[in-house]
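To start, the structure itself, in structure tokens.
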Amino acid sequence: MSLLLAALVLLALSGVPGLFLRRGGRIGAGLLVLGACLGLAAAIGVLAGAPARGLSLPGPPLGPRGLLLLDPIAAWFLLPVLLLSACGAVYALGTWPDGRPGVRGLRLAFGALAATMALLVTAGQPAVFLLAWEGMAAAAFLLVMAEDRDPEARRAGWIFLALTHLGTLALFAAFALLPGGRFGALPPGFAAGARGTIFFLLCLLAFGVKAGLMPLHFWLPPAHAAAPSHVSAVMSGVMIKMGILGLVRVLAWVPDPPLWWGGLLMGLGVLSGILGVAFALGQHDLKRLLAYHSIENVGIILMGLGLGLLGRSLGHPALAILGFGAALLHVLNHALFKGLLFLAAGSAVHGTGTRMLEHLGGLARRMPWTSAAFLAGAWAICGLPPLNGFVSEWLLYLGAFRALGLTRWPWSVALLAALALVGALALACFAKAYGTVFLGEPRTPEAGEAHEAPAAMGLPMGLLALACAVLGLAPVLVAPALARTVAALGVDAAPLAGLARFPALSLMGLGLLAAALPLALWLRPWRRPETCTWDCGYAAPTARMQYTASSFAAGPVAGFRWALLPRERRVRIRALFPSPVRYGSHVDDPVLDRAAAPTWRLAGRGLSRLRVVQGGQLPAYLLYVLLALMLLLVWMVV
């Protein structure tokens, strides 16, 4: 436990040297990396088989579980928290160097975010959990507002703060319903009663807001787009997983979950997965596109949790093992490849000065390492072998097919169809993103003058890409740790490795790699002179002849017109020699832009008319007091 305490202290203090020292950024990054290494050592020890450890205070108020608890669930979630925080701290040395305005506050808030997330993961009591939850929200708000001169950043920060406090209120109400007011196993029959139902729905609201679950997601795209890129990587890869952590903790306490709990989680997961990737297809901002894919992957995780919960409720251990195993493994996998994608996107923004897809293009030749990192992350997030995204989705597919054979229920067919649709749409979306940003010719002078990222930014990207490859090629390395974490959810996970067929996955991945390497060497770009393979009769093609982001995604967006409601700019060509026309489309968020924002504006206009009562004149205020007293007297008499 001493390693964990030392890690928490180092994480929290990592931003302090930058306040007083001229070159405090490197010292602070070193402290954060050291703290992350100590915390990882403690977490890996528990996942390797060491007993769970706790920190208690003497006296009855906090009980035997005390302040902190490092069990397999906490250790599993600590892995992405510490790894991505360390990568983000090193990456920030290249994007936010010493002397940049606001960098001191940014580093202090980043260290606080890492420390509060680690504290939240290991919280052993509601009071500690709520304290860390609020600290994490405050630190994330300051990080989103890092560039507070930008109106978009200010708007995103306040939306995030409002939504996260809505979740906090629900969390207070949920914890008030806990028997004894403490964390721990719930009594049998609690979940099936009215109190248990209200408790579950409140937890789903609170943790669903943090996880970005549809339709509670609308704070997520603007916040991740406005935040600095390394902050977006941590928020998307780790912070939203704190909502998943809360759900996993709740499911671990329930000995007899009702059947509808699992069905509701699976239904929300299907909704978030399909609509998340559909809205990503319609985006023109690279970071907003990645943010919507976080909603999609949260949906995949919820599908796994729902399948595991249904397996427990129906008495099918194999379903529970595969469902919970897929969800927990995807928590780690998503943190790795989404962190990699956001860092690569930040490198592209750093090299060009823009994150708009329509203003990029041709970066693969100018930023080859960034291009390779983004391609690796895109390959992994699409669930393609042999990278890590395929492994967790493979477990979910196995669970869905096994459910189809065991129950023949429609929900297993719906799960399989949703997984296939999400995978196909993700592939189309990242073909659009990678092709528009890195292939073809530069669309603007800024893209034509792009430069590669410095080493401080390239090192974290290389580390995360390597982790994606290792987990994809050798998932058996994490199988024992994953089995111990699944067992903490009340399932005997000893058969996990056999059910998942990890050795066969490794052989398949190595075979694909062995077949791809000779092909890559044969097709290497320096093997033959540069030629134009298909120029449509034009000797000198230009960027105007390339697909734009809007035109590439026009087909899928039209297929989801009923949900996306895109705003399109179409001009019909009528003349024989028409003037130049341009096609464009824009997809608004259905909750924020079409419901919440208009409602807030209408309420603001209505309340502004009441300002006449605030004239600043003392006689008027005395009259209001007199009227209020008279109304109270009438009410008491009547």
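The values are calculated or read from the model by the stated rules, or taken from the named source; none is laboratory data. Note that the structure is a prediction, hence the values are computed from the model and not measured. Positions of Cβ are generated from backbone atoms using ideal geometry, with glycine treated the same way; all protein chains shown enter the neighbour counts.
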### Message
Looking only at the range 351-371, filter to residues that are assigned to a helix (DSSP H, G or I) and under 22 Å from the mean Cα position of the chain (by Cα); which one of those is modelled with the lowest pLDDT?
### Response
357
### Task
Among the numbered conditions (1) of a type in the set (D, E, K, R); (2) out of contact with any Pro (no Cβ under 9 Å at 6 or more places or on another chain); (3) surrounded by fewer than 24 Cβ atoms within 10 Å (Cβ to Cβ), tell me where residue 210 comes up short.
(3)
#### Entry: Selection status of residue 391, surrounded by 19 or more Cβ atoms within 10 Å (Cβ to Cβ), more than 17 Å from the chain's Cα centre (by Cα) and of a type in the set (Val, Ile, Thr)
yes
### Query
Looking at this structure, is residue 78 modelled with pLDDT of 95 or more, touching a Ser or Thr at 6+ places or on another chain (Cβ under 9 Å) and crowded, with 19+ Cβ neighbours inside 10 Å?
yes
### Message
Among the residues that make up the range 100-109, is at least one of them at pLDDT 90 or above, under 25 Å from residue 248 (Cα atoms) and not polar (S, T, N, Q)?
### Response
no
### Message
Every residue in the range 1-32 that is surrounded by 15 or more Cβ atoms within 10 Å (Cβ to Cβ), free of Cβ contacts under 8 Å to residues at least 40 places away in the same chain and out of contact with any Leu (no Cβ under 8 Å at 6 or more places or on another chain), please.
### Response
30
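In the set 183, 160, 190, 172, which member is under 16 Å from residue 247 (Cβ atoms) and at pLDDT below 95? Explain how you work it out, then say what you get.
On the way: 160 fails: under 16 Å from residue 247 (Cβ atoms); 190 fails: under 16 Å from residue 247 (Cβ atoms); 172 fails: under 16 Å from residue 247 (Cβ atoms).
The match here is 183.
Quick one: in the range 574-588, which of the residues that are among the hydroxyl-bearing types (Ser, Thr, Tyr) and within 20 Å of residue 281 (Cβ to Cβ) is modelled with the highest pLDDT? Full working, then the answer.
Our first condition is that a residue be among the hydroxyl-bearing types (Ser, Thr, Tyr); within the range 574-588, this holds for 579, 583, 585.
Of the ones still in play, those that are also within 20 Å of residue 281 (Cβ to Cβ) are 583, 585.
On the way: 583: 70, 585: 75.
Per the criteria, the residue is 585.
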### Message
I'd like the full set of residues that are outside any helix (DSSP H, G or I) and free of Cβ contacts under 8 Å to residues at least 60 places away in the same chain, limited to the range 456-487.
### Response
474
### Query
Looking at the range 449-487, which of the residues that are among the β-branched types (Val, Ile, Thr) and under 24 Å from the mean Cα position of the chain (by Cα) is farthest from residue 252 (Cα to Cα)?
470
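Just checking: which of the helices (runs of 4 or more DSSP H) contained wholly in the range 163-264 hold 2 or more residues that are within 24 Å of residue 319 (Cα to Cα)?
Values: elements: 194-211, 220-226, 229-234, 241-253.
Hits in the range 163-264: 194-211, 241-253.
Let me confirm something: among 453, 428, which residue is touching a residue at least 60 places away in the same chain (Cβ under 8 Å) and touching a His at 6+ places or on another chain (Cβ under 7 Å)?
Values: 428 fails: touching a His at 6+ places or on another chain (Cβ under 7 Å).
Unique residue meeting the criteria: 453.
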### Query
Since residue 585 meets every condition but one in (1) within 32 Å of the chain's Cα centre (by Cα); (2) part of a helix (DSSP H, G or I); (3) of a type in the set (S, T, N, Q), which condition does it not meet?
(2)
### Task
Would you check if there is a residue in the range 599-616 being on the phi < 0 side of the Ramachandran plot and in contact (Cβ under 8 Å) with a residue 12 or more places away in the chain?
no
### Message
Under 6 Å between Cβ atoms, which residue pairs at least 6 apart in sequence (or on different chains) link something in the range 45-67 that is surrounded by 10 or more Cβ atoms within 10 Å (Cβ to Cβ) with a partner that is at pLDDT 85 or above and among the aliphatic types (A, V, I, L, M)?
### Response
46/70; 46/75; 47/75; 47/481; 53/70; 54/69; 55/68; 67/128
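Determine which member of the set 401, 374, 390 is without any contact (Cβ under 8 Å) to a residue 40 or more places away in the chain and part of a helix (DSSP H, G or I).
After ruling out the rest, the residue left standing is 401.
Whether any residue in the range 137-148 is outside any helix (DSSP H, G or I), modelled with pLDDT under 95 and closer than 23 Å to residue 174 by Cβ is what I want to check. It would help to see each step written out before you state the result.
If we filter the range 137-148 for residues that are outside any helix (DSSP H, G or I), which is where we start, we get 145-148.
Keeping just the survivors that are modelled with pLDDT under 95 gives 145-148.
Filter once more, keeping what is closer than 23 Å to residue 174 by Cβ: none.
No - not one qualifying residue is present in the range 137-148.
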### Query
over 13 Å from the mean Cα position of the chain (by Cα), under 19 Å from residue 203 (Cα atoms) and not in a helix (DSSP H, G or I) - does that describe any residue in the range 276-296?
no
### Message
Among the residues that make up the range 358-378, is at least one of them charged (D, E, K, R) and closer than 30 Å to residue 498 by Cα?
### Response
no
### Query
Has the range 203-223 got any residue that is in contact with a strand residue (DSSP E or B) (Cβ under 9 Å, 6 or more places away or on another chain) and either at pLDDT 90 or above or closer than 24 Å to residue 269 by Cα (or both)?
yes
